[in-house]
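The values are calculated or read from the model by the stated rules, or taken from the named source; none is laboratory data. Not measured: the values here are computed from a predicted model. We place every Cβ from the backbone using ideal geometry, glycine too, and count neighbours over all the protein chains shown.
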């Protein structure tokens, strides 16, 4: 059904337009519902499966049986893994002198 004022397409059972509030009761009476069905007309009602008798409603605890959470619980501190101790041996003297020469050359290039 379409509202004559704002042209909104709405459910045929609405007596007022949800957008503009226009009274649609005259349209509802004139057009009538698209289809009225009763509970006897449910399609495939013979195929509905009933649950076996041993399946009941789930048990829900009563509010008095449910435990209350603590009021001010502090979060546990995260565990940090222990630090590994690694032994580092100094570079051999010839490598150390080579690195020092490379650094001195780079420094001279930057300054020169």
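Summary of computed values
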{"quantity": "Verdict on residue 36 being loosely packed, with under 10 Cβ neighbours inside 10 Å, under 30 Å from residue 6 (Cα atoms) and either at pLDDT below 80 or in contact with a helix residue (DSSP H, G or I) (Cβ under 8 Å, 6 or more places away or on another chain) (or both)", "calculated": "yes"}
{"quantity": "Sole residue being modelled with pLDDT of 80 or more and surrounded by fewer than 10 Cβ atoms within 10 Å (Cβ to Cβ), chosen from 4, 82, 18, 90", "calculated": "82"}
